[in-house]
Amino acid sequence: MGLTLTEKILKNHIVDGEFVKGNEIGIRIDQTLTQDATGTMAYLEFEAMGVPRVRTERSVAYIDHNTLQSGFENADDHRFIGSVAKKHGIYFSRPGNGICHQVHLERFGVPGKTLIGSDSHTPTGGGIGMIAIGAGGLDVAVAMGGGAYYITYPKIVKVNLTGKLCPWVAAKDVILEVLKRLSVKGGVGKVIEYCGEGVKTLSVPERATITNMGAELGATTSIFPSDEITLEFLKAQDRADVWTELKADDDAVYDEELNIDLSELVPMAACPHSPDNIKTCDEIGPMKIDQVCIGSCTNSSFVDMMKVAHILKGKTIHPDVSLAIAPGSKQVLNMLAQNGALSDMIDAGARILESACGPCIGMGQSPNSKGISLRTFNRNFEGRSGTKDGQIYLVSPELAAASALTGVLTDPRTLGEMPEFKLPEHFVINDNMVTPPAPEAEMDSVEVLRGPNIKPFPETSPLDESIECKVSLKVGDNITTDHIMPAGAKILPLRSNIPAISQHCFTVCDEDFPRRAKNMGKSIIVGGSNYGQGSSREHAALAPLYLGIKAVLVKSFARIHRANLINAGILPLTFVNEADYDKISQGDEIVLADVRADITADKTQLTVVNKTTGDEIPVLCELTGRTKDIVLAGGLLDYTRESLKK
Ligand code: MIC
Ligand code: SF4
């Protein structure tokens, strides 16, 4: 029986566990990446593990999220990360060099290698045939130290692409179609593998748009084969030497299959407030808009920007629309500057932003009240833009630029004939904003520079014998990490200060939650299905940890967040019967008696007694050998320290 591409790469990297579906397996990690909003914590954790030098083939620290620098905090974090990187063997991509995923694809990604990154959109690397997975900072710290990364051996979904996209229909529309069919929960526990004749019609940046937004499916990762198109891209980046051909065997067996005829797709948008709320341009109609933002790790490549410049050239944006453009990397921005396309954008009235995440994570450019904003980004969760009642639509760069001119949602197919937009034969290459680490012999003399906002990892303790406490919060379905731990210009600077950032935990849902939870001392949270979807930010687990949360009981979890809870030593529990969700209310007192003994004895079904109502609620606590030990130890940091001692 043949193998899928995913299986081939995983098989080459497995170091622990058995290659059986549904089993937990440990894989060797070749490359890691961090960004600054999760990076400070990841490097504090790496330091706490006491490993002197990274043991990966390549680790890169990017600065791209917190670049507003409205106080000293961001700049201090940049300096800290730069100095830690220099000392411990990590390449440092300085602020201004671009968004981590865009730069990693351009300059560092290697087909067939494994990459984990402390950012949920790390699967962008699947665009050049990597197994690239988003993870919590602690997992990345462990991988930098040479430890394996653990995943559940995934189900593999084949997406068979046929045909070719029509003019002005984009890669964004492909992934919006997949989201429409599978939903934001549809990818959990799965890898999405793209195959078929249609693959050849998509360039690497287009493939990367598709794998990037696989994160919105909840998928472990997404991957394209590495073929002659991949080689062409790597050649143009002067990196042909890292190319290898990679594809699934013809007789590979998949768990699920999906067929998409590219020629049947039309321009679409993900409507507020979920990336799977898909409508076609026609279905929405010529809706009046207030803002357009173009960029983010999903759609900020050179060709994306060239399309936008072409549409804007010689025109002026609509008087009621604000247009912001953030090219994805220094390479992209520089090439636009050199070939005059930047001038076309500026001339049309675009507000050019630095190459960084910017508005995607609510760092500036929040829309007006109730403002309708078309964005080429990947997430439109409520409030993420910084405007609570902002209405965010996720669209292709083509649709965004066309609409910026007309002031209403505009089908880009009305733009007339589409010229051919080709990948350049040579990208402009200058890695002068990537600082290499100090040579090993000199690392001891490198001083790590810390600012006053950088506080140590919160205290953890081994799992209690029994848990007896109140429910401090009850929430519904599809709670995102932006609900649990909001970002934006006010809160992001606190990413290296857990006591301070925890004061904002869940305030989007309930202003009083942080104070109430802290006053309770210990408590649990109850939630619905797909709890914790979205970001990889471990702050969504560390802030609850700091506020005394002992367990989270929900209908189902999103993958990365569940792993982050375990890493923080918080028990992840799910209802055996989803209907029992109604038997427990905020403020109820609950008991999980002898939980430590039960988990030690590998019991997976436990009983939560609701002391307030008298109900006995069966719950699942499915922890395998390793995750069980992590929870018993009080989290991954303690567990790793103990293992290193042994
Ligand atoms: C996001 O898109 O939500 C982020 C900001 O990039 C996060 C990481 C973070 O919260 O720092 C992600 O996707 O993991
Ligand atoms: Fe940055 Fe947005 Fe991409 Fe997250 S999704 S890495 S915030 S550009």
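Overview of values
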quantity: The stretch 423-471 - charge dipole about Cα centre, Lys and Arg +1 at Cβ, Asp and Glu -1, debye rounded to 20; calculated: 300
quantity: Surface share of carbon and sulfur [accessible, 1.4 angstrom probe, percent] for the stretch 509-646; calculated: 46
quantity: Per residue, in Å², the accessible surface of the chain once ligands and nucleic acids are set aside, probe 1.4 Å; calculated: 35
quantity: Selection from Ile429, Met418, Leu449, by position along the positive dipole direction of the stretch 414-475 (Cβ); calculated: Met418
quantity: Residue-level accessible surface for Val188, protein heavy atoms, 1.4 Å, Å²; calculated: 50
quantity: Highest-first arrangement of 270-283, 524-537, where packing means the average Cβ count within 10 Å; calculated: 524-537, 270-283
quantity: Ratio of the Cα radius of gyration of the stretch 1-149 to 2.2 N^0.38 Å, where N counts its residues; calculated: 1.05
quantity: Relative contact order for the chain, counting Cα pairs under 8 Å that sit 6 or more residues apart, in percent; calculated: 14
quantity: Cβ charges +1 (Lys, Arg) and -1 (Asp, Glu), total dipole of the stretch 493-538, debye; calculated: 160
quantity: The chain pair-distance distribution - Cα-Cα, 10 Å bins, rounded %; calculated: 3, 17, 28, 28, 17, 6, 1, 0
quantity: Set Lys8/Lys87; Lys113/Lys422; Lys113/Lys200; Lys279/Lys490; Lys11/Lys646; Lys172/Lys279 screened for pairs whose C-alpha atoms are more than 25 Å apart; calculated: Lys8/Lys87; Lys113/Lys422; Lys279/Lys490; Lys11/Lys646
quantity: Three-way shape label, the stretch 220-327, alpha-carbon gyration tensor, a/c 1.5; calculated: oblate
quantity: Cross-link reach list, aspartates and glutamates versus Lys158, counting only Cα pairs under 16 Å and skipping chain neighbours closer than eight places; calculated: Glu7, Glu177, Glu193, Glu197, Asp249, Asp250, Asp251, Asp255, Glu256, Glu257, Asp261
quantity: Estimated FRET transfer efficiency (Gln586, Glu642; beta-carbon r; R0 35 Å; 0.05); calculated: 0.45
quantity: Inverse of mean 1/r across different Cα pairs in the stretch 142-274, Kirkwood, Å; calculated: 15.9
quantity: Cα gyration tensor, the stretch 398-504 - rounded (a/c under 1.5), prolate or oblate; calculated: oblate
quantity: For the stretch 484-627: rounded, prolate or oblate by the Cα gyration tensor [a/c cutoff 1.5]; calculated: prolate
quantity: The stretch 302-370 - percent of accessible surface contributed by carbon and sulfur, probe 1.4 Å; calculated: 51
quantity: Under 18 Å from the Cα of Lys470 - lysines, other chains or at least 8 residues apart; calculated: Lys518, Lys522, Lys550, Lys583, Lys611
quantity: The stretch 333-488: relative contact order as a whole-number percent, Cα under 8 Å and 6+ apart; calculated: 19
quantity: Signed unit charges on C-beta, dipole axis of the chain, positive-most listed residue Thr32, Gly362, Met520; calculated: Met520
quantity: Estimated distance in nm for a label pair at Val609 and Glu425, the labels positioned 7 Å out from Cα along Cα-to-Cβ; calculated: 7.8
quantity: Per-peptide average of other Cβ atoms within 10 Å, ordering 317-328, 417-428, 565-576 highest first; calculated: 565-576, 317-328, 417-428
quantity: Sum of side-chain charges, Asp580 neighbourhood, beta-carbon under 14 Å (Lys, Arg +1; Asp, Glu -1); calculated: -2
quantity: Gyration tensor (Cα) of the stretch 382-431, equivalent ellipsoid semi-axes in angstrom; calculated: 29, 21, 7
quantity: Highest average packing first - 10-16, 592-598, 139-145, 98-104, Cβ atoms within 10 Å; calculated: 98-104, 139-145, 592-598, 10-16
quantity: Student exercise, the chain dipole from Lys, Arg, Asp, Glu Cβ charges, in Debye to nearest 20; calculated: 1020
quantity: Neighbour-limited loop hits for GluC sites (Glu not before Pro), the stretch 11-77 (at most 16 other Cβ within 10 Å; DSSP other than H, G, I, E, B); calculated: Glu18, Glu57
quantity: Along each principal axis, Cα extent of the stretch 566-646, largest first, Å; calculated: 46, 22, 20
quantity: Cut-off 14 Å between beta-carbons: net charge of the residues surrounding Arg641, Lys and Arg +1, Asp and Glu -1; calculated: -4
quantity: Local electrostatic count, His104, Cβ distance below 15 Å [Lys/Arg +1, Asp/Glu -1]; calculated: 0
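The values are calculated or read from the model by the stated rules, or taken from the named source; none is laboratory data. Note that the structure is predicted; figures quoted are calculated from it, not measured. Counting neighbours? That spans all protein chains shown, and the Cβs are built from the backbone with ideal geometry, glycine included. The accessibility values were calculated without ligands, DNA or RNA, using every heavy atom of the protein model including side chains. Shrake-Rupley method; radii C 1.70, N 1.55, O 1.52, S 1.80 Å.
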